[in-house]
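Chemist: I am attaching a structure below and will ask some questions about it afterwards.
The values are calculated or read from the model by the stated rules, or taken from the named source; none is laboratory data. Everything numeric in this text was worked out from a predicted model, so none of it was measured. FYI the Cβ positions are ideal-geometry reconstructions off the backbone, even for glycines, and counts take in every protein chain you see.
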Amino acid sequence: LLTKKFLNLLKGAPGGIVDLNNAAETLEVQKRRIYDITNVLEGIGLIEKKLKNNIRWKGIDDSRPGEVSDDMSILRADIEALSLQEHSLDQQISEMRDKLRGLTEDENNQ
């Protein structure tokens, strides 16, 4: 819930820039809780630090839904291609195990 409130505050901020001291005061929480949220958001590349206590939103921009949709289509196609490749590799591994098992059994029978 706090993260959602923080994101709403961030998205409503002029230029997407928020002073973390003001955010803590506005949301009536300790700065430590705000830092917990910003550390995660920064770690996944959705925000960046501008100054010591200022951060800027740089994540997905709701104003460009077409681009986001295109990006998602590309990612879905990549996932599908990787899944097919994974399936093919799994089959090859299984075949190699069977061949290795056959060779091992042949050596034991000789």
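Chemist: Can you tell me how many residues in segment 1-21 are in a helix (DSSP H, G or I), more than 14 Å from Arg56 (Cβ to Cβ) and not charged (D, E, K, R)?
Modeler: Going through segment 1-21, the residues in a helix (DSSP H, G or I) turn out to be 2-12, 14-16, 20-21.
Still in the running and more than 14 Å from Arg56 (Cβ to Cβ): 2-5, 8, 21.
Filter once more, keeping what is not charged (D, E, K, R): 2-3, 8, 21.
Residues meeting the conditions: 4.
Chemist: Looking for something at pLDDT 90 or above and at negative phi - is there at least one such residue anywhere in segment 56-68? Can you show your working first?
Modeler: Of segment 56-68, the ones at pLDDT 90 or above are 56.
When the remaining residues are screened for being at negative phi, the result is 56.
Yes, segment 56-68 has at least one match.
Chemist: When you check Ile44 against the structure, is it surrounded by fewer than 12 Cβ atoms within 10 Å (Cβ to Cβ), modelled with pLDDT of 95 or more and either within 24 Å of the chain's Cα centre (by Cα) or among the β-branched types (Val, Ile, Thr) (or both), yes or no?
Modeler: Values: surrounded by fewer than 12 Cβ atoms within 10 Å (Cβ to Cβ): yes; modelled with pLDDT of 95 or more: no; either within 24 Å of the chain's Cα centre (by Cα) or among the β-branched types (Val, Ile, Thr) (or both): yes.
Here the answer is no, as Ile44 does not meet what is asked.
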